[in-house]
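Peer 1: Have a look at this one before I ask anything.
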Amino acid sequence: MLAGVEGVIVSKTANSVKVRAGPVTFLVSVPGSTLSKLGHPGSVVSLHTHLYVREDVLALYGFSSQQELALFEQLITVSGIGPKVALALLTTLRAEQIIAAIISGNADLLSQVPGIGKKTAGRIILDLRSKLEKGWEGEFLPSITESDSDAVSALTGLGYSIREATQALGNILIL
């Protein structure tokens, strides 16, 4: 199993990075949260990775933290959630926001992510709530609760992206 990759950034796109590790260059799909933490081409990077193997697909997914990787691996165990949807979740919302939404049963917040409807959000909550309530190795503190979804909806109604809205709300809650 390929658990991580460390090397030099060759290039970056909107949702992936090419990392040269010795004589091999890996194409690693990453969420926006990880992409924003990476340097420019030529800088050294270390990523926690998940190798996704299916009959017709061999893909590498990378994360800046072990906690994001663990959440990604939990999300893709849910029926109907593949790596692309899990990456969309981690790009749109911070990991602690996803966990808080799942624990609080906030399907409205999850369903605002592209590719996730009410039914899928409900399935995510149903499948992962008990696992996350028992304890989470990332020890995230929930920062967005069900009552905050109205504020997120209001901000998205004003034209902000869901990521901008949840980040703004998260900043207010921190103060």
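Peer 1: Quick check on this structure: which one of ILE144, ILE174 is at pLDDT below 70, of a type outside the set (Ser, Thr, Tyr) and touching a Ser or Thr at 6+ places or on another chain (Cβ under 7 Å)?
Peer 2: Within the list ILE144, ILE174, the selection yields ILE144.
Peer 1: Among the residues of segment 99-124, what is the count of those that are in contact with a Gly (Cβ under 7 Å, 6 or more places away or on another chain) and surrounded by fewer than 20 Cβ atoms within 10 Å (Cβ to Cβ)?
Peer 2: Residues meeting the conditions: 3.
Peer 1: While we're on this one: So TYR61 fits all but one of (1) at pLDDT 95 or above; (2) surrounded by fewer than 19 Cβ atoms within 10 Å (Cβ to Cβ); what number is the exception?
Peer 2: (2)
Peer 1: Does LEU110 satisfy being closer than 24 Å to LEU51 by Cα and of a type in the set (A, V, I, L, M)?
Peer 2: The answer is no for LEU110.
Peer 1: Let me ask another. Residue check: is LYS18 of a type outside the set (Phe, Trp, Tyr), part of a helix (DSSP H, G or I) and surrounded by fewer than 20 Cβ atoms within 10 Å (Cβ to Cβ)?
Peer 2: Judged against the criteria, LYS18 is not a match.
Peer 1: Looking only at residues that are modelled with pLDDT of 95 or more and crowded, with 17+ Cβ neighbours inside 10 Å in segment 32-51, which one is farthest from VAL8 (Cα to Cα)?
Peer 2: Filtering segment 32-51 for residues that are modelled with pLDDT of 95 or more and crowded, with 17+ Cβ neighbours inside 10 Å, the one farthest from VAL8 (Cα to Cα) comes out as HIS50.
Peer 1: What residue, of GLU96, GLU68, is buried (at least 18 other Cβ atoms within 10 Å of the Cβ), among the acidic types (Asp, Glu) and touching a strand residue (DSSP E or B) at 6+ places or on another chain (Cβ under 9 Å)?
Peer 2: GLU68
Peer 1: Residues that are aliphatic (A, V, I, L, M), under 28 Å from ALA165 (Cβ atoms) and more than 10 Å from the chain's Cα centre (by Cα), at least 3 per element: which helices (runs of 4 or more DSSP H) completely within segment 26-113 meet that?
Peer 2: Of the helices (runs of 4 or more DSSP H) lying wholly inside segment 26-113, those with at least 3 residues that are aliphatic (A, V, I, L, M), under 28 Å from ALA165 (Cβ atoms) and more than 10 Å from the chain's Cα centre (by Cα) span 95-104, 107-110.
The values are calculated or read from the model by the stated rules, or taken from the named source; none is laboratory data. Everything numeric in this text was worked out from a predicted model, so none of it was measured. When we count neighbours, we look across all protein chains shown, and the Cβ atoms used for this are built from the backbone with ideal geometry, even at glycine.
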